[in-house]
Amino acid sequence: MRLLVSVRNAEEARAALAGGAEIIDAKEPSLGALGAVDIDVLKEIVEAVNGMRPVSAALGDSGDAESLASAARAAAEAGAMFVKVGFADVRDPGAVRARLARVRDGALLPSSPCAVVAVAYADWDEVGGAAPQTVLTAAAAEGAMGVLVDTVRKDGAGLFRCLGRAALGSLVRDARARSLMVALAGRISIEDLSFAYEAGAEIVGVRGAACEYGREGRVRESRVRELVSARDLLRVHRGDSYAIARELTRETSFH
């Protein structure tokens, strides 16, 4: 299971990289769950990472398909290896598929391969967006690389409280059965890391847990290292959250 850290600029990208993050995700947290950074900022992030890790880019979760496709093309040209698009403003399966298809076409550059990740929201019903199963079905049909299950609200209950572990586990299994990569995000805790590991998620994404003073603060190398240590302990203890917590009490701090 790989750790993705969302960063808003090149300075944070360097901190995440030094802390051991395996994927650097360009995102502006003040603009929402999938707030896009300016294209010049994305280029600076890609330059700071310098090919040492994959860089992903958030495109947004609302708007017309053509604008999102153009943003996907610009991100691919800037060096992003995959882009993330959401569906907070649409519910119709046909509209979800159409948006995803256009973003996929926009990102498909012969000289710069860039994959697409469809974002499903656990709190979809609160915001009037597409249901997770609708997004998963569209991702499989339209050739997306995978799905990210996240939350629109970052001040709410978090991923596992919104969707429930049983429903989330079923969604992960369904996605994997369709050969889709699965990523989880949304106020991930130590216990959630354990569940994500056991459920078979390939990627866990964080922002607030890697920052000083929450998701609007700055990404810190030390906090990223703590998250990497927690992830590594999962392999040693085979997902035993109690054993992991005991180790972390001795070795690290999640204040």
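The values are calculated or read from the model by the stated rules, or taken from the named source; none is laboratory data. Values in this document were obtained by computation on a predicted structure and should not be read as measured data. A quick note on method: Cβ atoms are made from the backbone with ideal geometry, for glycine too, and the neighbour counts reach across all protein chains shown.
Quick notes on this structure:
- The single residue among ASP123, ASP174, ASP150 that is over 15 Å from the mean Cα position of the chain (by Cα) and within 24 Å of ALA36 (Cα to Cα) turns out to be ASP123.
- Any chance ALA21 is part of a loop (DSSP other than H, G, I, E, B), closer than 14 Å to VAL206 by Cα and at pLDDT 95 or above: yes
- Entry remark, the range 60-79: residues being under 19 Å from LYS43 (Cβ atoms) and within 14 Å of the chain's Cα centre (by Cα) number 1 in total.
- Scope the range 53-68; condition of a type in the set (A, V, I, L, M) and out of contact with any strand residue (DSSP E or B) (no Cβ under 9 Å at 6 or more places or on another chain); matching residues: ALA65
- Residue within the range 57-66 that is among the hydroxyl-bearing types (Ser, Thr, Tyr) and in contact (Cβ under 8 Å) with a residue 24 or more places away in the chain present: yes
- Total residues in the range 155-179 satisfying the condition of being farther than 18 Å from ALA138 by Cβ and of a type in the set (Gly, Ala, Ser): the figure is 7.
- Residue match in the range 7-19 (condition: surrounded by 19 or more Cβ atoms within 10 Å (Cβ to Cβ), within 17 Å of LEU184 (Cα to Cα) and touching a helix residue (DSSP H, G or I) at 6+ places or on another chain (Cβ under 7 Å)): yes
- Of residues in the range 163-194 being in contact (Cβ under 8 Å) with a residue 40 or more places away in the chain and farther than 21 Å from LYS84 by Cα, the one surrounded by the most Cβ atoms within 10 Å (Cβ to Cβ): LEU193
- Residue match in the range 230-250 (condition: part of a helix (DSSP H, G or I), modelled with pLDDT of 90 or more and basic (Lys, Arg)): no
- Any chance VAL135 is out of contact with any Phe, Trp or Tyr (no Cβ under 9 Å at 6 or more places or on another chain), crowded, with 17+ Cβ neighbours inside 10 Å and at pLDDT 90 or above: no
- Applying the condition of being without any contact (Cβ under 8 Å) to a residue 40 or more places away in the chain and of a type in the set (Gly, Ala, Ser) to the range 98-146 and asking which residue is nearest to CYS162 (Cα to Cα) yields ALA118.
- Matching residues in the range 8-18 - criterion: being touching a Lys or Arg at 6+ places or on another chain (Cβ under 7 Å) and either closer than 14 Å to LYS84 by Cα or in a loop (DSSP other than H, G, I, E, B) (or both): ARG8
- Taken over the range 204-221, the criterion of being touching a Pro at 6+ places or on another chain (Cβ under 8 Å) and crowded, with 18+ Cβ neighbours inside 10 Å is satisfied by ARG207, ARG215.
- Among the candidates VAL41, VAL83, VAL37, VAL46, the residue that is among the β-branched types (Val, Ile, Thr), part of a loop (DSSP other than H, G, I, E, B) and either at pLDDT 95 or above or touching a His at 6+ places or on another chain (Cβ under 7 Å) (or both) is uniquely VAL37.
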